[in-house]
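Worksheet: the structure to be examined is printed underneath.
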Amino acid sequence: MSTPTNGFRLSGVGSYLPEKIITNADLTASMDTSDEWIRERTGIGQRHVGGTTSELATIASRKAMERANVGPEDIDQLLLATTSPDFICPGTAPEVAYQLGLDCGALDIQAACSGWVYGLIMANGLLLQGMKKILVVGAEALDQITDYTDRNTGILFGNGAGAAVVETDESRAGDLLSWDMGAAGEYVHILYAEHGDVLKMDGREVFRQAVTAMQRSAGNALERAGLTAADIDLVIPHQANVRIVEAAWKRLGFSMDQTAMRLEETGNTSAASIPLVLDKALDEGRLQNGSTVMFLGFGAGMTWACTIVRWAGETR
Ligand code: COA
């Protein structure tokens, strides 16, 4: 079954990491851990902190809009995926839209680490409704809800933002080949933060559920696109733990050579992680027109989402 679209291209991508860094070595001052343990068990070497979600989102968005060669008047909708909004109320998207000078709807998506991929799928729906250009942003100030003295969670999370301008493509050179999206609320208590509190996590259970969700979602998206793992030129998975990716890849048949990672540099930046990797993959020339790329997210909720895109967007 083909996926309804009006063509789909990411015409400009941008990202931003705040300057301040907490290394694994820094963490050993506040918790009983070691650089070696964190690298071996997670693949993380450092995380960036500082800035608010709206500040980080605005910087990444400006870069994406510049690369797409669009002005604020061209954007028909802002979708901002975040699990660490500036305020509980209102959403963070209106502030970002204001900073960017947009004149359109602006809405937060709270689907934890899957949020940016949820946003791509929502953007396709809005493009089908007649919109032409959607700004899809993932931005997080996770340092607001992370306890950097707790070795269970403090080793994992950091701040960052990534953004893409998503456009229709009448030529269909760029297209959304398939998508998958899901949620399982029975797992809410394996990763959550209550009002005014920090993230709490059952790490082992999150690990297990994440592997299952990735296998299921990627499998569904491949089947719907009529593709196999070997047909995908580049997979960009959510960056939580390299061992989660390796475990999921065993059954899916992906190789790490097909996979873009940025975990060592960023830690887990939740909704920002996939566009942060995408920006780096473009810098490295890993995407060409015609490339097939998979974006695969999973996170608290549990939520998960996957898209397969035929790339005809920005290349560098
Ligand atoms: N530093 C050093 N030792 C640690 C540690 C740390 N930060 N955290 C736990 N340990 C110890 C434990 O106490 C335990 O010691 P023991 O064997 O003496 O009892 C041992 O290391 C193994 O603990 P375990 O909890 O089984 O480790 P793990 O391999 O499952 O790794 C996580 C823990 C959190 C890194 C891992 O479970 C994980 O990444 N889960 C998914 C989390 C995630 O991705 N969340 C976001 C999803 S979007």
Self-check item: C-alpha center-to-center spacing [region 210-245, region 78-107] in angstrom
Solution: 29
Quiz item: ³J(HN,Hα) across region 166-182 via Karplus (A = 6.51, B = -1.76, C = 1.60, θ = phi - 60°), whole Hz, x for Gly/Pro?
Solution: 10, 10, 5, 9, 4, 5, 6, 4, x, 7, 8, 7, 6, 8, 8, 8, x
Quiz prompt | Sequence-distant residues sharing a close amide H with Ser178 (under 5 Å, placed H) | solution = Ile308
Quiz item: Based on the Kirkwood radius over alpha-carbon pairs, what is the Stokes-Einstein translational diffusion coefficient of region 169-316 at 4 °C with 1.567 mPa s viscosity, in µm²/s?
Solution: 82
Self-check item: Sequence-separation-based contact order of the chain, relative, with Cα cut under 8 Å and 6+ spacing, percent
Solution: 27
Quiz item: So what J values fall out for region 257-272 if you push phi through Karplus, 6.51 cos²θ - 1.76 cosθ + 1.60 with θ = phi - 60°, rounded to Hz, Gly and Pro as x?
Solution: 5, 7, 10, 9, 10, 9, 5, 4, 7, 10, x, 8, 9, 6, 5, 7
Practice problem: Give, as a single signed number, the net charge of other residues whose beta carbon lies under 10 Å from the beta carbon of Ser15, with Lys and Arg counted +1 and Asp and Glu -1. | Solution: +1
Practice problem: Distance between Cα centroids, region 120-186 to region 269-286: provide it in whole Å. | Solution: 11
Practice problem: Take each of the peptides 237-243, 88-94, 214-220, average the number of other beta-carbon atoms within 10 Å over its residues, and list them starting from the highest. | Solution: 237-243, 214-220, 88-94
Quiz item: Ordered by residue, what ³J(HN,Hα) values in Hz, to whole numbers, does region 300-316 give under the Karplus form 6.51 cos²θ - 1.76 cosθ + 1.60, where θ = phi - 60° and Gly and Pro are x?
Solution: 4, x, 4, 10, 8, 7, 9, 10, 10, 10, 8, 6, 9, x, 5, 10, 10
Exercise. For each of Tyr118, Tyr16, count neighbouring Cβ atoms within 10 Å of the residue's Cβ, then give the residues from fewest to most.
Key: Tyr16, Tyr118
Exercise. Would you please put 29-35, 67-73, 181-187, 205-211 in order of how densely packed they are, using the mean number of other Cβ atoms within 10 angstrom per residue and starting with the highest?
Key: 205-211, 67-73, 181-187, 29-35
Practice problem: Beta carbons within 10 angstrom, averaged per residue: use that to sort the peptides 57-64, 226-233, 147-154, 75-82, highest first. | Solution: 75-82, 57-64, 147-154, 226-233
Practice problem: Convert 10 °C to kelvin, take the viscosity as 1.306 mPa s, use the Kirkwood radius over C-alpha pairs of the chain as Rh, and evaluate the Stokes-Einstein diffusion coefficient in µm²/s, rounded to a whole number. | Solution: 83
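Readers should treat all values here as calculations from the given coordinates under stated rules, not as data from a laboratory. Being a predicted model, the structure only gives us computed values, none of them experimental. Neighbour counts run over all protein chains shown; Cβ positions are idealised from the backbone, glycine included.
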